[in-house]
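Have a look at the structure below before the remarks.
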Amino acid sequence: MRAADAVLTAQPMTPPSPSFNADFAVFRDPASGAALRHDGDALVAPDGTRHPIVAGIPRFVPQGNYADDFGAQWNRFPRTQLDSHTGLPITRDRLARCLNGELERLAGKRVLEAGSGAGRFTEVLLAAGAEVHSFDFSGAVTANAANNGHNAALSLAQGDIRQPPYPAASYDYVVCLGVIQHTPDPEQSIAALWRMVKPGGRLVIDHYRFRWRFALPTPIGDAASVYRWAILRLPPERRAGIVQRIVDFWFPVHWRWKDSLTMQRLIRRFSPLRFYYPDLPLKDRAMHYEWSLLDTHDSTTDYFKHLRGPEAIRATLESLGAEQIKVEIGGNGVEAWCVKPL
């Protein structure tokens, strides 16, 4: 059995008894912000627009969009990055850092999570005692429902970050990690999230960092940009298989030289692999392979990939009137935390 086969058959999931979306009254019409009427298998806006409910999840965007590769990815790897699956606090530690040390203050707070993926951060937010309203542009919400749908404190929808299907200015925390760089206009996305923060609330975001090695092609810069250019020109149904073949070729090379920083730097001039040894304390070779396969797919099939420096993120937050702005380099690139004035 190949390593890839072992990974792809290692995560059987038994969907929990659903408790999420106990109250559809929390949702709002994305276009108007108006309250919605629950009518059978849909939520209906005052103007008659019907938003279908599929598998218990309201869908406020058309099926089939630029995030389809992400949706397929998270349903293929639904538990890979969950702390409950790895037995490691990787996601919790990242979220605690981005929350500026306020993770323990979330009990009883209302949190909006934009871009849930399979629910790695959703899981931690719920465990902290928060009421979590979560949405994703892609079909990844199905994976999140399977992972966290047993929790009645979860509200889950498929929606657009530019028009969140929830009430504006009503959240103690708005959290968006690993998402903004993949949206059509990062500044527009940040502004839309800012509208959701209530006075005195916090906005927590991150963004890929601009660095010349990411902007220039191999062998001067990052090899993934060339692979991504080629992969995005393939039919969508072929992309995952091609990425897996690429990872199966390059992963043994990275692993062979895993203890040599010099060799890793050289290999990365030609390899698109996302390789986390020794940066993440993953348990073994199989787990490193699984994360590499997931994140290499993530980084070579994203339709939008924007880069911003910390100065640009700070300038955007200042233009919105944010206070106590904290912008640091870390994690995905640039991490930011700020407060909405009372």
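The values are calculated or read from the model by the stated rules, or taken from the named source; none is laboratory data. Only a predicted model underlies this, so the values are computations on that prediction, with no experimental measurement involved. Every residue, glycine among them, receives a Cβ derived from its backbone with ideal geometry; neighbour counts consider all protein chains shown.
Scan the range 197-208 and give yes if some residue there is out of contact with any Pro (no Cβ under 9 Å at 6 or more places or on another chain) and more than 21 Å from Val111 (Cα to Cα), otherwise no. There is at least one residue in the range 197-208 that is out of contact with any Pro (no Cβ under 9 Å at 6 or more places or on another chain) and more than 21 Å from Val111 (Cα to Cα).
As for the range 186-196, it holds no residue that is on the phi < 0 side of the Ramachandran plot and either assigned by TED's automatic domain parsing to the domain that holds Glu290 or not in a helix (DSSP H, G or I) (or both).
Quick check on the range 169-196: of everything there that is β-branched (Val, Ile, Thr) and in contact with a Cys (Cβ under 9 Å, 6 or more places away or on another chain), which residue is nearest to Ala96 (Cα to Cα)? Only one residue tops the list, namely Val175. Those residues that are surrounded by fewer than 16 Cβ atoms within 10 Å (Cβ to Cβ), part of a loop (DSSP other than H, G, I, E, B) and touching a helix residue (DSSP H, G or I) at 6+ places or on another chain (Cβ under 8 Å), I need them from the range 277-287; list them, please. Across the range 277-287, the qualifying residues are Leu280, Pro281, Lys283.
Across the range 241-254, the number of residues qualifying as surrounded by fewer than 17 Cβ atoms within 10 Å (Cβ to Cβ) and in contact (Cβ under 8 Å) with a residue 40 or more places away in the chain comes to 1. Within the range 204-248, if we keep just the residues that are among the basic types (Lys, Arg) and in a loop (DSSP other than H, G, I, E, B), the residue that is modelled with the lowest pLDDT turns out to be Arg211.
Taking the criterion of being surrounded by fewer than 16 Cβ atoms within 10 Å (Cβ to Cβ) and assigned to a loop (DSSP other than H, G, I, E, B), the residues of the range 259-275 that qualify are Asp259, Ser260, Arg269, Phe270.
Residue-by-condition table, conditions (1) in contact with a Ser or Thr (Cβ under 6 Å, 6 or more places away or on another chain); (2) within 27 Å of Asp68 (Cα to Cα); (3) of a type in the set (Lys, Arg):
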{"residue": "Ile242", "(1), (2), (3)": "no, yes, no"}
{"residue": "Lys258", "(1), (2), (3)": "no, no, yes"}
{"residue": "Arg265", "(1), (2), (3)": "no, no, yes"}
{"residue": "Tyr277", "(1), (2), (3)": "no, no, no"}
{"residue": "Tyr289", "(1), (2), (3)": "no, yes, no"}
{"residue": "Asp298", "(1), (2), (3)": "no, yes, no"}
{"residue": "His306", "(1), (2), (3)": "no, yes, no"}
{"residue": "Ala312", "(1), (2), (3)": "no, no, no"}
{"residue": "Ile325", "(1), (2), (3)": "no, no, no"}
